[in-house]
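Colleague: What follows is a single structure, and I will ask about it in a moment.
The values are calculated or read from the model by the stated rules, or taken from the named source; none is laboratory data. Just so it is clear, the model here is predicted, and its values are computed rather than measured. Cβ coordinates were reconstructed from backbone atoms using ideal geometry, including for glycine residues, and neighbour counts include every protein chain displayed.
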Amino acid sequence: MLQRLFEPELYTAAITFEVKAFLSSRRAKMSPEQAGLQHFNRNRRVPGLRRSEVADLAGVSVEYYAQLERGNLAGASDSVLDALARALHSTGIKQFRHPVVGEIDLNFETMQLNADPGLSMTLLSAPAGSAADDALRLLASWAATRDRPPATPEPR
C-alpha cells in the first residue's frame with residue numbers, strides 16, 4: 001500500500017490537485033479591492049478575482065494562468081511562480097476601533113519569513129493622506145507628548 005503512494009503517477013496527481021485547489025481557492029478569496037484593482041461592474045459572476053485579473057497581476061497571459069490553475073506546472077519558471085505568489089498573497093483591510101480616534105481602516109500584508117519556517121510577519125499601513133493616516137499621526141504625536149515631563153516655565 002505505501003509503495004503505491006510513491007508511484008510517480010500518484011505523486012503527480014497529488015501535486016496537480018494541490019496546485020488546482022490552492023490557486024482557485026486563493027483567487028476566490030481575494031477581492032479586486034484587496035488586490036488593488038478598481039472594478040466598475042458590480043454584477044460579478046465570480047466571488048473573487050477573475051482569471052484575467054490574476055494573470056494581469058502576475059504578468060502572464062490568461063491562457064497560461066488557466067493552464068497553471070489546471071495544475072500543469074511543467075516548464076513554469078521560478079519568476080512566474082513568484083509573480084503568482086505576489087499576486088495571491090495575503091493582503092486586505094483590517095478595521096480597528098480606537099478609543100481616541102475611532103474607526104481606523106488599515107491595509108495589511110502577511111509575509112512568510114523564509115529564515116524561520118512557520119513564522120510570518122504582518123505589516124499594517126495607511127495610505128498617505130487618508131483618514132487612517134491622519135488618525136495614526138494624531139496617535140503618534142499624542143503618545144510622543146504624553147510621555148514628556150510637563151514643561152516648566154523659564155525663570156524671569
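Colleague: So, A55, is that one among the hydrophobic types (A, V, I, L, M, F, W, C) and modelled with pLDDT under 90 or not? So that I can check it myself, show each step before the final result.
Modeller: Working: among the hydrophobic types (A, V, I, L, M, F, W, C): yes; modelled with pLDDT under 90: no.
For A55, the condition - among the hydrophobic types (A, V, I, L, M, F, W, C) and modelled with pLDDT under 90 - is not met.
Colleague: Out of L119, L106, L84, report the one residue that is modelled with pLDDT of 80 or more and under 30 Å from V19 (Cβ atoms).
Modeller: Result: L84 is the single residue among L119, L106, L84 that is modelled with pLDDT of 80 or more and under 30 Å from V19 (Cβ atoms).
Okay, residues lined up against (1) under 16 Å from G92 (Cα atoms); (2) modelled with pLDDT under 70:
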site	(1), (2)
E7	no, yes
I15	no, no
A21	no, no
P32	yes, no
L37	yes, no
R45	no, no
G48	yes, no
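Colleague: If a residue has to be surrounded by 15 or more Cβ atoms within 10 Å (Cβ to Cβ) and either in a loop (DSSP other than H, G, I, E, B) or more than 19 Å from the chain's Cα centre (by Cα) (or both) to count, how many in the range 67-97 make the cut?
Modeller: Summing the residues that are surrounded by 15 or more Cβ atoms within 10 Å (Cβ to Cβ) and either in a loop (DSSP other than H, G, I, E, B) or more than 19 Å from the chain's Cα centre (by Cα) (or both) in the range 67-97 gives 5.
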